[in-house]
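Have a look at the structure below, then the notes.
The values are calculated or read from the model by the stated rules, or taken from the named source; none is laboratory data. Remember, it's a predicted structure, so these values are computed and weren't measured experimentally. So basically every Cβ, Gly included, is an ideal-geometry build from the backbone, and we count neighbours across all protein chains shown.
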Ligand code: HEC
């Protein structure tokens, strides 16, 4: 009994200490502070597991067609993905270097994520990171599938192709 009471008392003290630390403003929310390695590891695992479990939609039959990839490039440019992730021949904007976690190079991610996973991430975003939900930004499902098809093809898209495909892209308002 005494032992349990001691554990209970300790839990209360730890709880009060944590409340004072977080609500007293001692924890820094600065975007310049690197997360400890253990936090980064845990967040990455949770993110990957969550995307794996939720991404269940089947791509349309036309997924990967040239027309769809080109429409996807245009939507990618219009929705401003290049500002954070860059694109063939386009450097990301400087401010994206101030984001933690930083936006990955999608050429490298393209091979790791399935079409359904790309669709889910672009549609829903990733909470508590800079990755927005593009469904909330007004993108329709067919547009999102086309963006996913373009991202899948990214490793083989030349600078010149990207320039041609996005020549008439207007920023989304
Ligand atoms: C404001 C900056 C910003 C914009 C704009 C943005 N992203 Fe992201 N994106 C991020 C960040 C930051 C991450 C990393 C999140 C993380 O590490 O969990 C990310 C992650 C991703 C991932 C997941 C990578 C992985 O390994 O799971 C994909 C795919 C992606 N973005 C695609 C896009 C596409 C396509 C667009 C445009 C429709 C877009 N992003 C627009 C910031 C952005």
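Structure notes:
- Residues of the range 133-151 classified as within 16 Å of the chain's Cα centre (by Cα), assigned to a loop (DSSP other than H, G, I, E, B) and either away from the ligand (no atom under 13 Å from the Cβ) or touching a residue at least 24 places away in the same chain (Cβ under 8 Å) (or both), total: 3
- Positions within the range 114-124 being near the ligand (Cβ under 8 Å from one of its atoms) and within 10 Å of the chain's Cα centre (by Cα), in sequence order: 118, 121, 122
- Filter result (surrounded by fewer than 16 Cβ atoms within 10 Å (Cβ to Cβ) and either touching a helix residue (DSSP H, G or I) at 6+ places or on another chain (Cβ under 7 Å) or closer than 23 Å to residue 88 by Cα (or both)) within the range 133-151: 133, 135, 142
- Condition broken by residue 170, with the remaining ones in (1) surrounded by 13 or more Cβ atoms within 10 Å (Cβ to Cβ); (2) under 17 Å from residue 72 (Cβ atoms); (3) out of contact with any strand residue (DSSP E or B) (no Cβ under 7 Å at 6 or more places or on another chain) satisfied: (1)
- Screening residue 154 against (1) out of contact with any helix residue (DSSP H, G or I) (no Cβ under 9 Å at 6 or more places or on another chain); (2) within 10 Å of the ligand (Cβ to nearest atom); (3) in a helix (DSSP H, G or I) leaves a single unmet condition, (1).
- Residues within the range 28-64 that are within 12 Å of the ligand (Cβ to nearest atom), at pLDDT below 95 and part of a loop (DSSP other than H, G, I, E, B), tallied: 2
- Any chance residue 162 is near the ligand (Cβ under 9 Å from one of its atoms) and either farther than 21 Å from residue 53 by Cβ or in a helix (DSSP H, G or I) (or both): no
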